[in-house]
Structures are given as structure tokens and as C-alpha cells.
1. Looking at (1) touching a residue at least 12 places away in the same chain (Cβ under 8 Å); (2) touching a helix residue (DSSP H, G or I) at 6+ places or on another chain (Cβ under 9 Å), can you tell me which one residue 81 breaks?
2. Give me a count of the residues in region 67-86 that are in a loop (DSSP other than H, G, I, E, B) and surrounded by 20 or more Cβ atoms within 10 Å (Cβ to Cβ).
3. Quick check on my filter: what residues within region 27-54 are closer than 17 Å to residue 105 by Cβ, at pLDDT below 95 and surrounded by fewer than 20 Cβ atoms within 10 Å (Cβ to Cβ)?
4. For residues that are surrounded by fewer than 16 Cβ atoms within 10 Å (Cβ to Cβ) and either touching a residue at least 40 places away in the same chain (Cβ under 8 Å) or under 16 Å from residue 27 (Cα atoms) (or both), tally how many sit in region 87-110.
5. Out of the residues in region 11-26 that are assigned to a helix (DSSP H, G or I) and surrounded by 13 or more Cβ atoms within 10 Å (Cβ to Cβ), which is modelled with the highest pLDDT?
């Protein structure tokens, strides 16, 4: 019976995107993000981040989201400062938000994102206790 319960738990974790199928941990991350589409057809706009991982971010928007494979410049504003990144839209939930995968990161950008993920992990852990 314990084996079945563990198997079921792993299955639910995978469905939630929290389990073994996700290579990079997502953490809650709430910040203002300026999104500038690189196709030049749409003006930039503000979004709110919902979660962050070392490979990408999910952005909540109230308007029509960008199409899959759109490239954007992201300016994340948090208490740690502003971080400018390039991303590609890889996931879309219309009128709710979209997921961006970071592309062409340099070492300082990777370190800054890793710091923000660690900070998010710390804040999430302290809220549980």
C-alpha cells in the first residue's frame, strides 16, 4: 500500500510540474516585468511574473499573449534590482499568461537568476513554517 501511495504522489507531483519531470525548480516570484516583443509589430507592455526557474519565467497578462516562438526582451524589476534578459515564448494560456524560456544568457545573468531562485526558495520555505 505504501508503494502505491508513493507512486500516486509522484504522479500528482509530475502533473503539478513539481516532480521529477521538471529539470529546474520553479519558485514563486512576483515582480513587475516589462516585455518588449522583438518582432516590432506590437508595443512593449507590463506583466507580472508568477514563478521563476533558472531556465525561464511565467508572466501573467490580462491581454492577448504573444504567439509561441516570439522573442522578447524582458526587464525584471525586483527588490534585488533590474535584470534585462532575452526570452522566447514557449507556453501560452490565452488571457492568463505565457511562459518564456531565457535564451543567450551570459554568466552574470545566470548567476543573477540563480540568486533570485534561491531567494524565492528561501521565502517559500519560511512561509511554510
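1. Only one criterion is unmet by residue 81, namely (1).
2. First, pick out the residues of region 67-86 that are in a loop (DSSP other than H, G, I, E, B): 67-70, 79-80.
Imposing the further condition that a residue be surrounded by 20 or more Cβ atoms within 10 Å (Cβ to Cβ) reduces the set to 70.
Total satisfying the criteria: 1.
3. Passing the criteria: only 54.
4. 2
5. Taking region 11-26 first, the residues assigned to a helix (DSSP H, G or I) are 11-15.
Then keep just the ones that are surrounded by 13 or more Cβ atoms within 10 Å (Cβ to Cβ); that gives 13-14.
Numbers: 13: 47, 14: 40.
Going through the qualifying residues, I end up with 13.
The values are calculated or read from the model by the stated rules, or taken from the named source; none is laboratory data. Quick caveat, the model's predicted, so the values are computed rather than measured. For neighbour counting, all protein chains shown are included, and Cβ atoms are generated from backbone atoms with ideal geometry for every residue, glycine included.
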